[in-house]
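Just so it is clear, none of the values below were taken in a lab; they were calculated from the coordinates. These numbers were taken from a predicted model, which means no experiment stands behind them. Neighbour counts run over all protein chains shown; Cβ positions are idealised from the backbone, glycine included.
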Amino acid sequence: MKSNLLKKHAKSFYWASFFLSNNILDKCSSLYNFCRTLDDIVDDDNNLNLKKEIFSKFKKDFESKNLNNQIIKDMWLIVDSENISKQIVIDLFDGIETDLAEKVVINSKKDLLVYSYRVAGTVGLMMSKILRVKNKEALKGAIDLGIAMQLTNIARDVCEDKERNRQYVKHDFPSIREIIMESQIFYENSFSSIRNIPFRSRFSVIVARRVYRKIGDYILKQKNIDNYNKAGKIYVPVFEKIIQTFLSVFDFVKLLFIKNLNYDNQVNHNILEQEINFNERI
């Protein structure tokens, strides 16, 4: 039941989830359902004041541990069992709340990275906790992978976001290309951290990273804003997912020979840490 939502709304993640154990998949699905509920509140067609009321109630129910709500109950089971800092979840709420406005415009790299951390870096961090990652540098890599995927989402959803009066990036192809290039930095710096994921779950993350990154390649193939607008929401086709899954085997082997973390994204993390204290979260 939980994984049905994953299958319907998160096709790339669902593809990669085939390589997870049932126990881990169940927890990941509960986390996804929680995040999806927040997204649905913000993206619903209700008027803004009603959405703010629903969002505020859901946040209060979480903070007060209202276990009558199954989605909140499942989320608290994860938070407690995996020793996840409550502050990470609050960061997620803060990020989602950014979109509860008549108009959303992000103009600076710092604001874009902070937003991306809050709505997706937090999810990468919580996922890594579910996967029992302990190394602090590796946890930073998990944040990077979440941010990379969010930047990919932003580059893909410019038209859809425009309809919702949200602008995370300008509606022109050079700006979209720039976001994709920025995402590549985060994808690259997340790679070596994957070696700290327990062996059984490692391949799933490698596949998810490859497949999601490929969305950016398909966006760049549009070459101009007219083609981009006509393409609609871009997904990775099944044949490409099969290819990327096969190539993930080579990534898996490559990671076996990496002895030390090659983390080199401190410039971007310095920007983030102007607002986010990662030591309180990882």
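Overview of values
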read-out	value
Over the chain: helical MRE at 222 nm, DSSP H runs n ≥ 4 each giving -39500 (n - 2.57), nearest 500	-22000 deg cm²/dmol
Neighbour cut-off at most 16 other Cβ (10 Å), DSSP loop, trypsin sites (Lys or Arg not before Pro), the stretch 113-194	R132, K134, R164, K170
Nonlocal amide H pairs with R166, under 5 Å, H built at 1.01 Å	V104
P(r) histogram, all alpha-carbon pairs of the stretch 204-272 included - 5 Å bins from 0, percent	3, 13, 17, 15, 16, 16, 13, 5, 1, 0
Span-rule helices in the chain, defined as complete DSSP H runs reaching 27 Å or more along the axis (Cα) with Kyte mean at least 0.0	136-156, 199-220, 238-256
FRET E, pair N49, F257, Förster distance 45 Å, beta-carbon r, rounded to 0.05	0.20
Inter-label distance for D226 and E102, nm, one decimal - labels placed 7 Å from Cα along Cα-to-Cβ	3.6
Cα centroid of the stretch 240-278 to Cα centroid of the stretch 101-179, whole Å	16
Of K57/K241; K103/K230; K103/K129, pairs whose Cα-Cα distance is over 30 Å	K57/K241; K103/K129
Exposed chymotrypsin sites (Phe, Trp or Tyr not before Pro) absent: longest stretch of the chain, with sites in DSSP loops and at most 15 other Cβ within 10 Å deemed exposed	19-234
Of every Cα-Cα pair in the chain, the percent that sits beyond 28 Å	34
Rg(Cα) / (2.2 N^0.38 Å) computed for the stretch 152-243, rounded to two decimals	1.20
